[in-house]
C-alpha cells in the first residue's frame with residue numbers, strides 16, 4: 001500500500017507547501033504552514049500558531065503523493081510535470097526500437113494515476129495518456145503545473 005501524503009498549492013499566495021492536516025468538512029479544509037514557516041521541524045509542528053487553514057478548491061488545491069519517486073529521488077505528486085517514456089510507441093512504430101520521450105502531467109482519476117501527454121504527428125496514438133507504471137519510467141519531475149502552467153499550454157485535454 002502506498003504512503004498517503006499531500007502537498008497544497010495555495011492559490012492567492014502562489015506557493016507550494018506540504019500539508020500538515022486535513023479537515024474533511026464541506027468544503028475540505030487544508031492545514032498548511034504559514035508563510036515563512038514552510039521548513040519547520042520537530043516541536044514547531046505542535047504549535048497551532050504556525051499554521052493556517054484554506055478551503056480546498058477555492059483557496060488551495062490538494063495534491064496527492066503517487067507513492068513513487070523520480071530518478072533523482074524527488075517525490076512525484078499529482079499535477080507534477082514530468083519527463084517520461086512510452087514503450088507503446090516503440091510497439092506501434094515497429095521500425096523504431098526505442099522509447100519515445102514525452103513531457104506530461106501527472107493526473108489522478110480513481111483508482112489510479114496516469115500521465116496526460118500531448119498527441120503529435122511524430123508519435124501517433126489513439127489516446128492522450130500513458131499508464132503511470134514502471135514501463136513509462138524512469139520519470140523526472142520538472143516542476144508542478146501550478147508553478148509553471150506555460151509548460152503544458154496547448155496540451156490535449
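According to the square roots a ≥ b ≥ c of the eigenvalues of the Cα gyration tensor, what is the shape class of the stretch 6-62, taking rounded for a/c under 1.5, prolate for a/b larger than b/c otherwise, and oblate for the remainder? In terms of gyration-tensor shape, oblate.
Evaluate E = 1/(1 + (r/R0)^6) for residue 109 and residue 4, where r is the Cβ-Cβ distance and R0 equals 22 Å; express this FRET efficiency to the nearest 0.05. Rounded to the nearest 0.05, the efficiency is 0.80.
Full extension of the chain between residue 47 and residue 74 yields a length gain of 6.9 nm, computed as 0.36 nm times the residue separation minus the alpha carbon distance. Each of residue 25 and residue 13 was given a label point 7 Å from its Cα along the Cα-to-Cβ line. The distance between the two points is 1.9 nm.
Cβ-to-Cβ counts within 10 Å put 150, 38 in ascending order as 150, 38, the fewest first.
All of the numbers you see were taken from the coordinates with simple rules; none came from a lab. What you see is a predicted model, and the numbers here were worked out from it, not measured in a lab. Reconstructed Cβ throughout: ideal geometry from the backbone, glycine too, with neighbour counts over all protein chains shown.
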